[in-house]
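A.B. asks: Pasting in a structure now, in C-alpha cells, and then I'll have a few things to ask.
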Amino acid sequence: MYDIQAIADRVEIEALRGEFTDAVMMNDHDRLASLFTPDGAVRIPLGHIEAAGQDQIRALGQRRQALTDYFVQTTHPGTIQLDGDTATGRAYLSELVHGRDGSSHLNYFVYHDRYQRTGGGWKFTERVAEFRYLDTTPLAGSAPRATGAGAEPPAGDTPAAEGASG
C-alpha cells in the first residue's frame, strides 16, 4: 500500500527544487528567497560563497544577475529521504554561464539539500553545492536575444492567433 502523504511530500519537494531553478533563471530574487526558511542557507564551498537568511539569499541572486550576460540552469531529479516534517535530498544540476567579464562556465554539480515542512509548504533549510565538473573553455554560442517579460512570444502564440483557423 502507498503512503499518500509521502507521495505528496515528494511531489512538493521536487516542485520546490524546480521553483528554485525557475526563480534563478527568471531573476525573481524575492521568490528565490521565499523558497527558504527565514534562517535557510545556500553554500557553495568551491566559490567561497555563503548566503544565510532570506536577505542574503536575495542579494546573492542579485549579485549573480549583475555579473552574468546569460545564465542557464537545469535541475535533474535526485533523491529524497523523508523524516516527518524534515527531509534530506540531492538534486543534480547543470549550468551554462557567460559572465559580463567575458568568462564562460559549464558546470555540473550536486546540491545536497535539507528541507523543512512549514505552514507555507516545504522550504529549503540548506543547499550545499558540490561541483563535479567545471569547464571554463570559451562558449561557442551566445544568447539569441533578451528574454523575459518584455520578450515577444513565439509566432502563432498570440491571442490573435488563437482564434485563427489554419
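A.B. asks: Using the Cα centre of the chain as origin and beta-carbon charges of +1 (Lys, Arg) and -1 (Asp, Glu), tell me which of ILE4, LEU93, GLY121 is placed farthest towards the positive end of the dipole.
C.D. replies: Checking the options against the dipole of the chain, the answer is LEU93.
A.B. asks: Let me ask something else about it. Compute the FRET efficiency between VAL11 and ARG117 as 1/(1 + (r/R0)^6), taking r as their Cβ-Cβ distance and R0 = 22 Å, and round to the nearest 0.05.
C.D. replies: The value I calculate is 0.95.
A.B. asks: Can you give the charge dipole size of the chain about its Cα centre, rounded to the nearest 20 debye, using +1 on the beta carbon of Lys and Arg and -1 on the beta carbon of Asp and Glu?
C.D. replies: Magnitude of the dipole: close to 360 debye.
A.B. asks: Once both labels are modelled 7 Å past Cα along the beta-carbon direction, what's the ARG145-ALA59 spacing in nm?
C.D. replies: 3.7 nm
A.B. asks: Also, I was wondering about something else. Measure off 7 Å from each Cα along the Cα-to-Cβ vector at ASP39 and ALA52, then give the distance between these two points in nanometres to one decimal.
C.D. replies: About 0.9 nm, to one decimal.
A.B. asks: Additional query: Amide H of THR86: which non-local residues (sequence gap of 5 or more, or other chain) have their own amide H closer than 5 Å, using H built in the peptide plane?
C.D. replies: Those lying under 5 Å, H to H, from THR86 are ARG117.
A.B. asks: For a quick check: with amide H placed at 1.01 Å from N, whose amide H comes under 5 Å from SER104's, ignoring anything fewer than 5 positions away on the same chain?
C.D. replies: GLY99
A.B. asks: If you count the DSSP beta bridges with both ends in region 4-141, what percent of them are antiparallel, to the nearest 5?
C.D. replies: 90 percent
A.B. asks: Return the long-range amide H neighbours of GLY78 (sequence gap of 5 or more, or a different chain), with a cut-off of under 5 Å between placed amide H atoms.
C.D. replies: The answer is TYR92.
A.B. asks: Between ALA15, LEU67, VAL42, whose Cα lies farthest towards the positive end of the dipole of region 1-156 when Lys and Arg beta carbons carry +1 and Asp and Glu beta carbons carry -1, centred on the Cα centre?
C.D. replies: Of the options given, the answer is LEU67.
A.B. asks: If you line up the Cα atoms of the chain on their principal axes, what length do they span on each, largest first, in Å?
C.D. replies: 49, 47, 29
Any read-out appearing in this document is the output of simple, stated calculations on the displayed coordinates, not a laboratory observation. Owing to the predicted nature of the structure, the values given are computational and were not obtained by experimental measurement. As a convention, Cβ positions derive from the backbone with ideal geometry for all residues, glycine included, and neighbour counts pool all protein chains shown.
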